[in-house]
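> Pasting in a structure now, in structure tokens, and then I'll have a few things to ask.
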Amino acid sequence: MKLHGVRVVVLAVAAIALLAGCFAPPPDGWSTVITCPVTGPVRFTNDWHAPRAGGQLHEGNDIFAPRGTWNVAAVDGHTRLSQGERQGNGLWLTGNDGTQYFYAHFDDYWGGARDVVAGELIGFTGNTGDAQFTETHTHFEIHPNGGPAVNPYPTLVASCTNRVASSASSTVPSGQGFPGAAGAAVPTPR
Ligand SMILES: [Zn+2]
């Protein structure tokens, strides 16, 4: 009886959420136009949901660049510094539209928590936290409306691989031209 009651409550909550449409995850291929979070030449693959230690799935994409490469705000918003064993020197950027961007493994920060504009320097590529034995990179996540993470790959492809034309294509259909987790690195123009 008790279990049944719980189930009814869960179903009711799910139904309300569906009606409200507020918990519906963004579809595959969801993307937004941002300023590429790492400046200069970068390398990344579609390593979203690649297996990680402890049965975890990779909740972002790793953007590889030399140590000390400038990392910049992807959008206008405000930043919050966040440090931990896994993330090392991490940073949350909350965009003015409520979408959140998470950066991890900074070698160091540039300045503290503050309001920022897109393209503003916020930190430097490194390998702090659980990346300490890996090549230097920025772990990057996108959380639309502050909700669960979505695959940032389409956004990074649109924003980092063709910076000049980054606004020309804000939506990359899923399943078209995305290498898998073991796919080739995406070349960058510079
Ligand atoms: Zn990562």
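> Please list the non-local residues whose amide H lies under 5 Å from the amide H of residue 60, H modeled 1.01 Å from N, same-chain partners needing a gap of 5 or more.
Those qualifying (amide H under 5 Å, at least 5 residues apart or on another chain) are 49.
> In whole Hz and in residue order, list the ³J(HN,Hα) couplings for segment 91-102 that follow from phi through the Karplus curve 6.51 cos²θ - 1.76 cosθ + 1.60, θ = phi - 60°; x for Gly and Pro.
For segment 91-102, the Karplus curve yields 8, 9, 10, 9, x, 5, 8, x, 6, 10, 10, 10 Hz.
> Under a 5 Å amide H to amide H cut-off, with H placed in plane at 1.01 Å, what residues pair with residue 113 once short-range neighbours are removed?
Amide H to amide H, under 5 Å and 5 or more residues apart or across chains, residue 113 pairs with 81.
> Tell me, what HN-Hα J-couplings in whole Hz come from the Karplus equation 6.51 cos²θ - 1.76 cosθ + 1.60 at θ = phi - 60° for each residue of segment 156-161, using x for Gly and Pro?
Each residue of segment 156-161 in turn: 5, 4, 5, 9, 10, 8 Hz.
> Rounded, prolate or oblate: pick one for segment 31-165, where a ≥ b ≥ c are the square roots of the eigenvalues of its C-alpha gyration tensor, a/c under 1.5 means rounded, and failing that, prolate if a/b is larger than b/c, else oblate.
Rounded, because the longest to shortest axis ratio a/c is under 1.5.
> Order the peptides 64-70, 40-46 from the highest to the lowest mean number of other Cβ atoms within 10 Å of their residues.
By packing density, highest mean first, the sequence is 40-46, 64-70.
Readers should treat all values here as calculations from the given coordinates under stated rules, not as data from a laboratory. Values in this document were obtained by computation on a predicted structure and should not be read as measured data. Positions of Cβ are backbone-derived with ideal geometry, glycine not excepted, and every protein chain shown enters the neighbour counts.
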